[in-house]
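Just below is one structure, and these are the notes that go with it.
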Amino acid sequence: MLLTWRKRTPVVQYGKLKHFKPQDGIYVYFRYDDSACVMVVVNANDADKVLDTQRFNEMLSSYHSGLNVETGEAYGQLDKISLKRKSTQIIELRKH
């Protein structure tokens, strides 16, 4: 499923990359272009974490919600994201 999504999501293949220095065992990067943005969050910790996304405002300011590509979970707000231990979340950001 993830490979199929990747094939049909041009921003992942051809978009620009913006990454942020890992903090507290969490690495975040974005693939984006003029029409789409995907946020990838990697929690390398042995414990669940809650990510405060305020430091990513330059990338998130135009987006109000998102969709977890693997689970289908909808994010109504992007200010805090719950992360399972040793996990990666791929979130398609939505403007509306």
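Taken together, the values in this text are just the output of simple stated rules run on the coordinates, not laboratory data. All values derive from a computational prediction rather than experimental measurement. A quick note on method: Cβ atoms are made from the backbone with ideal geometry, for glycine too, and the neighbour counts reach across all protein chains shown.
Descriptive notes on the structure:
- Cross-chain or 6+ apart pairs with Cβ under 6 Å, the stretch 1-20 first and free of Cβ contacts under 8 Å to residues at least 24 places away in the same chain, then surrounded by 14 or more Cβ atoms within 10 Å (Cβ to Cβ) and in a helix (DSSP H, G or I): ARG6/VAL12
- Answer from THR88, THR9 - the residue that is within 11 Å of the chain's Cα centre (by Cα) and polar (S, T, N, Q): THR88
- Condition check for LYS49: closer than 12 Å to LEU83 by Cα and surrounded by 10 or more Cβ atoms within 10 Å (Cβ to Cβ): yes
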